[in-house]
1. All but one of (1) surrounded by 14 or more Cβ atoms within 10 Å (Cβ to Cβ); (2) outside any loop (DSSP other than H, G, I, E, B); (3) touching a residue at least 60 places away in the same chain (Cβ under 8 Å) hold for LEU150, so report the exception by its number.
2. Within the bounds of the stretch 318-340, is there any residue that is basic (Lys, Arg), more than 20 Å from VAL235 (Cα to Cα) and buried (at least 17 other Cβ atoms within 10 Å of the Cβ)?
3. Restricting to the stretch 231-246, count the residues that are closer than 17 Å to GLY320 by Cα and in contact with a helix residue (DSSP H, G or I) (Cβ under 6 Å, 6 or more places away or on another chain).
4. Conditions first: (1) at positive phi; (2) out of contact with any strand residue (DSSP E or B) (no Cβ under 9 Å at 6 or more places or on another chain). ALA234 passes all but one, so which condition is the exception?
5. What number of residues in the stretch 205-237 are buried (at least 23 other Cβ atoms within 10 Å of the Cβ) and assigned to a helix (DSSP H, G or I)?
6. So, restricting to strands (runs of 3 or more DSSP E) that lie completely within the stretch 64-133, which ones have at least 3 residues that are at pLDDT below 95 and of a type outside the set (Asp, Glu)?
7. From the list GLY287, GLY298, GLY315, GLY325, pick out the single residue that is more than 30 Å from PHE181 (Cα to Cα) and touching a His at 6+ places or on another chain (Cβ under 8 Å).
8. Return the residues of the stretch 90-125 that are touching a helix residue (DSSP H, G or I) at 6+ places or on another chain (Cβ under 8 Å) and closer than 16 Å to PHE168 by Cβ; say none if nothing qualifies.
Amino acid sequence: MNSNEQQIDRIVSNVLRRVQSQAGAQSEHAGSGHPKSGRAAVMKAAGHVEICEFPLREIGPDEILVHVEACGVCGTDIHCYKSDPFELAPVVLGHEGTGEVLEVGRDVKMDSVGKPVRVGDKIVTSILDTSDACMIAKYNPLKSNLCDDLRVYGLLPNEPDNHFNGYFGDYVIIRPGSSFFVVNEMSVDLRCLIEPAAVVCHALERAKNCGSTLNFRSRVVVQGCGPIGLLMIAVLRTYGINNIIAIDGNSSRLEMAATLGADELVNYKDFMGIDDLAAKVQSLTKGLGAHFGFQVTGVPAAFSNLFKCIRRGGGICEVGHFVDGGECAINPHLDICRKEITLIGSWVYNSFEYPNAYHFLQRAEQIGLPVCSLITHKFPLDQIEEAFQVNLRQEGVKVVVQANRLSKSKQ
């Protein structure tokens, strides 16, 4: 046998082994039967979560059963845990999740971008379809993220026959009308970052389309280096922004900002007040201020301060206020009119932006940005309250809750 024949023989053997392995995995899942029950972390009231066991109903022809692998803890989860601002309790939280497909309804053939979906695939979910009564989505489908009835797994109330609506549990039932994506080529850690990555990708698109300058020479401030702020820095660097100033009061998060693409690190605690801080930013931007700023803190006073760091003709994108954090004072003349500032808001994302988000994460890794280093803590499901407390204490950056692994699950 010559070398070409040997190479062909190896290729054929590898393909046969792969097909046999996939067939074995699917037959194993099919033979094991539908799980009878599973655990879910139910937030029964603000500040109170219980791990409960629930029956797991059969899925319908247009549904998917997913075994949860992991789910990031979002700031929204923490707001819900602290005060239940959306009055969802009892509810199973968790929307930054991913898992493995266990069952596929007979009418489900492909994901939201046309990839075939099969047992064993790794998937993530995005926004559910809005109701037909939503006038915003009806007349402007590209703004469906602004619908009042926007629905996301992990922010859906429990149902009498289904408690698996969030990723802080063993299973999720993907219902009809959901947007979901097969992402087999990505690690579980990277998959847990797709949802927050969609937030920053949406903010970047909003900033790009507002008329302000964002190009290779732009000097951009990112105020706030929590998980979203750090991802904002990474997406700006991946996009090609070469002058990024990170502002935060936590030195370890500023150090992480440097690894993700920030060129200048500014700890606001080192300055006497906003005028002193603004002078520092001006010294880093040829005395003019930044071309653009992303406000990612969720602190109203920080939003007010950011205006002082932006040059005339610049812009600001507010990303950090998903819940009502209160009011702040700005000077319309000095902060907006005289500078002719372009001010825009960014609200979550649209489902069609998910592919943009996971391609961003893949590209970020390719250029050497350690985005998975954002995940600093991992907890099993039965320690979810400790995961919440670590987040509340702002220890580390991104906290992830892991469910039990399937015995034969592909990792």
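The values are calculated or read from the model by the stated rules, or taken from the named source; none is laboratory data. Keep in mind that what you see is a predicted model, and the values were worked out from it rather than measured. Please note: Cβ atoms are built from the backbone with ideal geometry, for glycine as well, and neighbour counts cover all protein chains shown.
1. Of the numbered conditions (1) surrounded by 14 or more Cβ atoms within 10 Å (Cβ to Cβ); (2) outside any loop (DSSP other than H, G, I, E, B); (3) touching a residue at least 60 places away in the same chain (Cβ under 8 Å), the odd one out for LEU150 is (2).
2. Yes, some residue in the stretch 318-340 is basic (Lys, Arg), more than 20 Å from VAL235 (Cα to Cα) and buried (at least 17 other Cβ atoms within 10 Å of the Cβ).
3. 6
4. (1)
5. 11
6. Qualifying strands (runs of 3 or more DSSP E): 122-128.
7. Exactly one residue qualifies, and that residue is GLY315.
8. VAL91, LEU93, GLY94, HIS95, GLU96, GLY97, THR98, VAL124
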